[in-house]
Amino acid sequence: MSFEIPITKIVKNLSPSATLAMSAKAKEIKSSGKTVYDLSVGEPDFVTPPHICNAAIEAMKTGHTKYTAASGIPELKKAIVEKYKTDYGLEYNTNQIVISNGAKHSIRNAIFTTIEIGNEVLIPTPYWVSYIELIRLAGGSPVIIQTEESNNFKMTAAQIEKKITLHSKMLILCNPSNPTGMLYNKNELEAIADVALRKNLIILADEIYDKLIYGNNKFVSFPTLNNALRERTILINGVSKTYAMTGWRIGWTFSPENIAKKMGELQSQETSNPCSISQYAALEALTAPQDCVAEMLNAFSERRNYVAKRINEIDGLSCPEMGGAFYAFFNIQKHLGKKFGGVQIDTSEQFCLELLKQKQVATVMGSAFGCEGYVRASFAANIDVLKTAFDRIADFIENR
Ligand code: PMP
Ligand code: GLU
């Protein structure tokens, strides 16, 4: 080969999404004809409810197949505003919303509009895989806040304060958490809000799992705590998880108006509008009766109880209570440094790869979330898959 197109340093150094990579590995094995028990990617196994699909078909039939305003259709912005007013008493204007190609894209817009070289962004571990890479792509520096399993992986106000420097610009708050399912209560959020206000931090509040809350846990949306927080919060949400619409790619931000304007302009140059048909589907999702959300939540809740019970029954495994989302993050430290099926396993990555190879169960290594010694299992899979997967995990660990 005489010529190789050079790749920029920043893209060369980029790590791909580990969750999507594990899911791709599982799919590859499946395509070779083998059964895989896939607990890797965080994606509801349900199909998108029929009334939402019908709204998309109707949108196509009625000619909503053209460019829309880059930051999204006014009807959907209005529906989002109404939903937040009804659900959380939060009053936003439609010009504070930008609708994007999934919440990941919303996060990307938010980070690229506010973070640049020299800025530090505080991220509690374990963190969702994309935050770090997006911050690095923007030229910012991720600063890790190490949380403890004994405190349910919650960051405390004191831990945040310890990491603050003159360069601190933003704090990432993922509530409920991917990958742990941890949920902050009102007091804990108030303590975090107090630091953010005193230290002048922007808060990126990723609340994409706000409708997946279990038992007696109560979700508190961050900007509801205090009006002053709205000036410094970029709130993230979308339809992927709540309505089983991962493939439709619709997410959004609430932010101060000037930030929304700039994010909309950025999007107008980079991607234009998110898919017009998906926007009409999302409009139906938000405005139609919410029975489908309640039905899916019931199923997730049953799975969450089942998974928690199975994990705690397996020798040496433990995981904190999952208050929300659909992930279990379990501790495998007792088993590292041992042989499984003749193979030495020292890291969570080796554990996950061998579990996939030897037992056809796909999970994601804790190291991808900045937390070695743990494994994430998504319980957005049906109960039969979960049952067989945990039988196999038990067999992998207990009969090695
Ligand atoms: N934030 C968190 C915490 C997530 O787990 C995900 C999962 N995909 C996203 C954002 C992005 O969601 P999407 O792009 O599918 O809307
Ligand atoms: N958020 C999901 C997960 O953590 C989807 C994967 C991704 O968007 O990277 O599994």
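Average 1/r across all pairs of distinct alpha carbons in the range 136-194, invert it, and you get the Kirkwood radius: 12.6 Å. Using a probe of 1.4 Å, the accessible surface attributed to Lys27 totals some 110 Å² when neighbouring protein chains are kept in position.
When only C-alpha pairs under 8 Å and at least 6 residues apart count, what is the relative contact order of the range 57-140, in percent? It would help to have the intermediate numbers written out before the result.
Numbers: 50 pairs, mean separation 19.4, N = 84.
Worked out over the range 57-140, it gives 23 percent.
Computed on protein heavy atoms with a 1.4 Å probe, the accessible areas place Phe46, Phe3, Phe329 in the order Phe3, Phe46, Phe329, largest first. Relative to the longest principal axis of the Cα atoms of the chain, the long axis of helix 276-287 lies at roughly 90 degrees. On a straight-distance basis, which lysines could pair with Lys387 in a cross-link, Cα separation under 19 angstrom, same-chain partners fewer than 8 positions away excluded? In chain and number order, the partners are Lys30, Lys34, Lys309, Lys357, Lys359.
Overall dimensions of the range 205-357, expressed as equivalent-ellipsoid semi-axes from the Cα gyration tensor (√(5λ), whole Å, largest first), are 37, 20, 18.
Here the contact order of the range 246-400, divided by its residue count and restricted to Cα pairs under 8 Å and six or more residues apart, works out to 19 percent. Rounded, prolate or oblate: pick one for the range 1-147, where a ≥ b ≥ c are the square roots of the eigenvalues of its C-alpha gyration tensor, a/c under 1.5 means rounded, and failing that, prolate if a/b is larger than b/c, else oblate. Cα axes put the range 1-147 in the oblate bin. Across Asn237, Asn258, Asn175, mean-square fluctuation computed from a Gaussian network of the chain (C-alpha pairs under 10 Å connected) peaks at Asn258. Rounded to the nearest 500, the helix-only mean residue ellipticity at 222 nm of the chain stands at -13000 deg cm²/dmol, with each DSSP H run of n ≥ 4 adding -39,500 (n - 2.57). Which aspartates and glutamates, if any, have their Cα less than 16 Å from the Cα of Lys169, not counting same-chain residues under 8 positions apart? Qualifying aspartates and glutamates at Cα under 16 Å: Glu116, Glu120, Glu161, Asp194, Glu231.
Rolled with a 1.4 Å probe across the full set of protein chains, the surface gives Trp128 an accessible area near 40 Å². Against the main long axis of the alpha-carbon atoms of the chain, helix 186-198 sits at an angle near 60°. Note on Lys25: aspartates and glutamates with a C-alpha under 12 Å away, same-chain residues under 8 apart excluded, are Asp38. Once you have a ≥ b ≥ c as the square roots of the Cα gyration tensor eigenvalues for the chain, tell me rounded if a/c is under 1.5, and otherwise prolate or oblate according to whether a/b is larger than b/c. Rounded, because the longest to shortest axis ratio a/c is under 1.5.
By the gyration tensor of its Cα atoms, with a ≥ b ≥ c the square roots of the eigenvalues, what is the shape of the range 245-304: rounded for a/c under 1.5, prolate for a/b over b/c, or oblate? Walk me through the intermediate numbers first.
On the way: a/c = 2.57, a/b = 2.15, b/c = 1.20.
Prolate.
Checking the table Lys162/Lys199; Lys218/Lys261; Lys77/Lys104; Lys241/Lys262 against a 22 Å threshold on Cα-Cα, which pairs fail?
On the way: Lys162/Lys199 11 Å; Lys218/Lys261 33 Å; Lys77/Lys104 18 Å; Lys241/Lys262 27 Å.
Over 22 Å Cα-Cα: Lys218/Lys261; Lys241/Lys262.
Ile172 sits among other residues whose Cβ lies under 15 Å from its own Cβ, and their net charge, with Lys and Arg +1 and Asp and Glu -1, is +4.
Write down, largest first, the equivalent ellipsoid semi-axes of the range 48-132 in whole Å, where each equals the square root of 5 times an eigenvalue of the alpha-carbon gyration tensor. Before the final figure, lay out each step's value.
Numbers: eigenvalues 178, 56, 46 Å².
After diagonalising the Cα gyration tensor, the semi-axes are 30, 17, 15 Å.
Cα centroids of the range 62-126 and the range 358-391: 30 Å apart. Pairwise Cα separations in the range 1-45 fall into 5 Å bins from 0 onward with the following percentages, short to long: 5, 17, 18, 15, 11, 11, 12, 8, 3, 0.
Annotation: per residue accessible area for the range 281-372 equals 38 Å², rounded to a whole number [probe 1.4 Å, protein chains only]. In the chain, the DSSP beta bridges split such that about 50 percent are antiparallel, to the nearest 5. Using a cutoff of 8 angstrom between alpha carbon atoms and counting only pairs six or more residues apart, the relative contact order for the chain works out to 24 percent.
Solvent-accessible area of Leu197, all protein chains in place: 60 Å² (probe radius 1.4 Å, heavy atoms, ligands and nucleic acids excluded).
Counting only protein chain heavy atoms and rolling a 1.4 Å probe, the accessible areas of Ser2, Ser348, Ser17, Ser32 rank, largest first, as Ser2, Ser32, Ser17, Ser348. As a fraction of the 1.4 Å probe accessible area of the range 212-303, surface on carbon and sulfur atoms comes out at 48 percent.
The values are calculated or read from the model by the stated rules, or taken from the named source; none is laboratory data. Bear in mind that the values here come from a model prediction, so they are computed numbers and not experimental data. Positions of Cβ are backbone-derived with ideal geometry, glycine not excepted, and every protein chain shown enters the neighbour counts. SASA here: full protein model, heavy atoms, side chains in, ligands and nucleic acids out. Shrake-Rupley method; radii C 1.70, N 1.55, O 1.52, S 1.80 Å.
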